[in-house]
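Shown next, in structure tokens, is the structure this report addresses.
The values are calculated or read from the model by the stated rules, or taken from the named source; none is laboratory data. What you are looking at is a predicted structure, and each value in this text was computed from that prediction instead of being measured. Because the Cβ atoms are built from the backbone with ideal geometry, glycine has one as well, and the counts that use them run over all protein chains shown.
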Amino acid sequence: MTYNFPICPDRIRTIPEQFSWLDHRLVRDRHIESLSHEAATLYLFLVTVSDYQGLSYYSDASLCERIKMDAPTLTCARACLLKSRLVAYKRPLYQVLALDGVLHTPKRIRVPGKITAREDVGTLAIDKILASLAGGTP
């Protein structure tokens with residue numbers, strides 16, 4: 001019989017105040033298997049330091065120093081992560097991407113009636129949507 005008790009009950013992980021984690025789909029969906037050790041190291045670092053949107057601004061020089069990589073190795077590691085679609089990069093900004101591959105862009109809708117331009121759902125008030133659907137003036 002297997003018992004699932006913590007080995008160190010005084011060290012049980014909790015979600016820290018800062019925002020970072022590793023998604024279990026990294027292993028379950030086999031993303032990690034396509035990465036070199038250097039790419040996995042870079043990914044771990046970026047996930048750890050990124051904000052709630054997955055954004056990080058570490059320079060190449062700082063990354064090389066922190067994760068003990070030379071510049072050509074960092075370039076190869078970044079290329080591996082880009083190819084695997086795990087990160088996006090536009091110097092100096094990295095973005096750790098969602099593993100589901102879905103782009104999380106604001107959804108757009110087209111409301112029939114007097115509203116002719118496409119507007120962000122978040123900026124279109126519900127009363128305008130309902131008025132437009134009912135044939136009234138938004």
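At a glance:
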item: Search result, residues across segment 51-93 that are under 10 Å from the mean Cα position of the chain (by Cα) and in a strand (DSSP E or B); result: 55, 87, 88
item: Residue that is surrounded by the fewest Cβ atoms within 10 Å (Cβ to Cβ), among those in segment 58-88 that are among the β-branched types (Val, Ile, Thr) and modelled with pLDDT of 95 or more; result: 75
item: Within segment 25-41, considering residues that are outside any loop (DSSP other than H, G, I, E, B) and either among the hydroxyl-bearing types (Ser, Thr, Tyr) or modelled with pLDDT of 95 or more (or both), the one surrounded by the fewest Cβ atoms within 10 Å (Cβ to Cβ); result: 37
item: Total residues in segment 36-60, condition out of contact with any Phe, Trp or Tyr (no Cβ under 6 Å at 6 or more places or on another chain) and more than 13 Å from residue 74 (Cα to Cα); result: 10
